[in-house]
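Participant: Structure provided below as structure tokens; questions to follow.
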Amino acid sequence: MITPADEALLRRAIAVAAHAVALGDAPYGSLLAGPDGTVLAEAHNTVRRDDDITAHPELKLARWAARELDPETAARTTLYTSCQPCGMCDGGIARSGLGRVVYALSTEQLVALNPASGAWPTVPHDGPALHDEARAPVAAYYRPTR
Ligand SMILES: [Zn+2]
């Protein structure tokens, strides 16, 4: 459920997205709000500026949260973002320990505005293979020590 306080923070994320456009970057903005609603960090999309396909604001903030927040604080921190996170960012958000995501435009609504946003190809995966060789370093790393 999205509250009026959530909407205020979403509006700020949308303002970050609008500012990104003013800077010549893609129109995506996000922020992290701590347990009391204080804004902890903001980011916008810098994919073109940085020539970095991972420079989505949601992933930048997930990395920041994993690095800067203790797990308890991260779990009570919310990511507000102008558009629904993509699959790449969702993976980082899940690993970051963040507790909640609130977004404005859904992926479907974004694709209606920019069809290229939904045109990511599915890359074929082949595997598993070479089980015994591949498991050796993993098993050695995770082998319990006494
Ligand atoms: Zn993303």
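Just so it is clear, none of the values below were taken in a lab; they were calculated from the coordinates. This structure is a prediction, so every number in the text was calculated from the model and none was measured. With ideal geometry, Cβ positions are generated from the backbone for all residues, glycine too; neighbour counts draw on all protein chains shown.
Participant: Could you tell me how many cubic angstrom of Cα convex hull volume region 1-135 has per residue?
Facilitator: Looking at region 1-135, the number lands at 152 Å³ per residue.
Participant: Moving on. Along Cα→Cβ, 7 Å out, is where each label goes; now give me the distance between the ones at residue 130 and residue 7 in nm to one decimal.
Facilitator: Rounded to a tenth, the inter-label distance reads 5.6 nm.
Participant: Listing 141, 103 from the residue with the fewest other Cβ atoms within 10 Å to the one with the most, what is the order?
Facilitator: 141, 103
Participant: Sticking with this structure for a sec: Within a Cβ distance under 13 Å of residue 67, other residues only, what is the Lys/Arg minus Asp/Glu net charge?
Facilitator: +1
Participant: Express in whole angstrom the spacing between the alpha-carbon centres of region 111-141 and region 69-106.
Facilitator: The two parts, judged by their Cα centres, are 22 Å apart.
Participant: Moving on to the next point. All other residues with a Cβ under 12 Å from the Cβ of residue 12 taken together, and with Lys, Arg as +1 and Asp, Glu as -1, what is their net charge?
Facilitator: With Lys, Arg at +1 and Asp, Glu at -1, the neighbours total -2.
Participant: Among 48-61, 11-24, 124-137, what's the highest-first ranking by average C-beta atoms within 10 angstrom per residue?
Facilitator: 48-61, 11-24, 124-137
Participant: Please order 30, 106 by the number of other Cβ within 10 Å, starting at the fewest.
Facilitator: So the ranking, lowest neighbour count to highest, is 106, 30.
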